[in-house]
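In what follows, a single structure is set out as structure tokens and then discussed.
The values are calculated or read from the model by the stated rules, or taken from the named source; none is laboratory data. Remember, it's a predicted structure, so these values are computed and weren't measured experimentally. Cβ sites come from the backbone with ideal geometry, for glycine too, and all protein chains shown count toward neighbours. For the accessible areas, the whole protein counts, side chains as well, though only heavy atoms, and no ligand, DNA or RNA atoms are used. Shrake-Rupley method; radii C 1.70, N 1.55, O 1.52, S 1.80 Å.
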Amino acid sequence: RSGDILARTGGEEFSLLLPATSLAEAQLVGERIRPALVERPFVHAGQAQGITVSIGLAQVQDLDDLRTPIKLADAATYRAKREGRDRVCLADA
């Protein structure tokens, strides 16, 4: 989608901003992204490496406060990793 913004925010971490998207719609996007990445092995030095994708989602309520949803999404991502990786988790309200 042309209005979406993808940014690398850490070594292996990326943030995807989905303007005018509900949390339920964002979950559908995450569930489309996850298998698309997992099904394409990462090739390094001629060797295919399987990957998993852990996605945490949070909704921005106030554009003046982006730190809170970023922290919530980060916590949801770590929960996805603890629960076995290769999954999408919603932030706790």
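Listing for the model above:
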item	result
Average Cα contact separation per residue, region 4-48, under 8 Å, 6 or more apart, as relative contact order %	21
Computed label-point distance, nm, for sites Tyr78 and Thr9 using a 7 Å Cα→Cβ extension	1.3
Charge context of Pro69, other residues only, Cβ under 13 angstrom, K/R +1, D/E -1	-3
Summed residue charge, Cβ within 12 Å of Arg87's Cβ, Lys/Arg positive, Asp/Glu negative	+2
Using θ = phi - 60° and Karplus 6.51 cos²θ - 1.76 cosθ + 1.60, couplings along region 71-78 (whole Hz; Gly, Pro as x)	5, 5, 5, 4, 5, 5, 5, 5
Among 24-37, 4-17, 78-91, the order from most to least packed when residues are scored by Cβ within 10 Å on average	78-91, 24-37, 4-17
Cα shape, region 1-60, gyration tensor, a/c 1.5 rule	prolate
Counted charge near Glu31, where neighbours are those whose Cβ lies closer than 12 Å (Asp, Glu -1; Lys, Arg +1)	+1
Per-pair calculated FRET efficiency, R0 = 22 Å: Val38 and Leu66 via Cβ, rounded to 0.05	0.20
Å² of accessible area per residue within the chain, as computed with a 1.4 Å probe and no ligands counted	76
Accessible area of Thr77 in the full protein assembly, 1.4 Å probe (Å², nearest 10)	20
